[in-house]
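Asks: Sharing a structure with you now.
The values are calculated or read from the model by the stated rules, or taken from the named source; none is laboratory data. Owing to the predicted nature of the structure, the values given are computational and were not obtained by experimental measurement. Positions of Cβ are generated from backbone atoms using ideal geometry, with glycine treated the same way; all protein chains shown enter the neighbour counts. To get the accessible areas, we keep the full protein, side chains included, count just its heavy atoms, and leave off ligands, DNA and RNA. Shrake-Rupley method; radii C 1.70, N 1.55, O 1.52, S 1.80 Å.
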Amino acid sequence: QVQLVESGGGLVQAGGSLRLSCAASGRTFSIYAMGWFRRAPGKEREFVAAISWSGAITNYVDSVKGRFTISRDNAKNTVYLQMNSLKPEDTAVYYCAADRGTGVPIRVHEYGFWGQGTQVTVSS
């Protein structure tokens, strides 16, 4: 079992940066693959980025490649999403999720644990 709490969201102008954090409880954080998803108003939750339990493998949706970076610190039980060159279309509630597996899942149903979400708003 793992509990997840996101932080770091806020309001930023287009072109700006934010870093989201997701703190996990539990002593087995290091064995979970972690993902970031987002839900924009009126849209379904979509995959943004994922990282394997070791941090060696990452995966991104095409729309954020080159702008977002996912990373993790297993000693701190925390996963991060560094978001640069933000665009208004990045506006959404961002969720982190955990999966007790060896890959880097990209589908919502593959993750068993979710945080409550943090709002990111990018103004034009």
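Asks: Are any residues in region 3-28 within 16 Å of GLY55 (Cβ to Cβ) and either more than 17 Å from the chain's Cα centre (by Cα) or among the hydroxyl-bearing types (Ser, Thr, Tyr) (or both), and if so, which ones?
Replies: From region 3-28, those within 16 Å of GLY55 (Cβ to Cβ) are 21-22, 24, 28; that's our starting set.
Result: SER21, THR28.
Asks: Working only within region 61-79, note down all residues that are out of contact with any Leu (no Cβ under 9 Å at 6 or more places or on another chain), surrounded by fewer than 20 Cβ atoms within 10 Å (Cβ to Cβ) and either not β-branched (Val, Ile, Thr) or not in a strand (DSSP E or B) (or both).
Replies: Across region 61-79, the qualifying residues are VAL61, ASP62, SER63, LYS65, GLY66, ASP73, ASN74, ALA75, LYS76, ASN77.
Asks: Going through region 11-30 one residue at a time, which ones are surrounded by fewer than 16 Cβ atoms within 10 Å (Cβ to Cβ) and in contact (Cβ under 8 Å) with a residue 24 or more places away in the chain?
Replies: Of everything in region 11-30, those that are surrounded by fewer than 16 Cβ atoms within 10 Å (Cβ to Cβ) and in contact (Cβ under 8 Å) with a residue 24 or more places away in the chain turn out to be LEU11, GLN13, ALA14, GLY15, GLY16, SER17, ARG19, SER25, GLY26, THR28, SER30.
Asks: Quick check, is GLU46 closer than 20 Å to GLN3 by Cβ, open to solvent by 50 Å² or more (accessible area, probe 1.4 Å) and more than 10 Å from the chain's Cα centre (by Cα)?
Replies: No, not satisfied.
Asks: Tell me, please, whether a residue that is of a type in the set (Lys, Arg) and over 13 Å from the mean Cα position of the chain (by Cα) can be found in region 29-41.
Replies: No, every residue in region 29-41 fails to be of a type in the set (Lys, Arg) and over 13 Å from the mean Cα position of the chain (by Cα).
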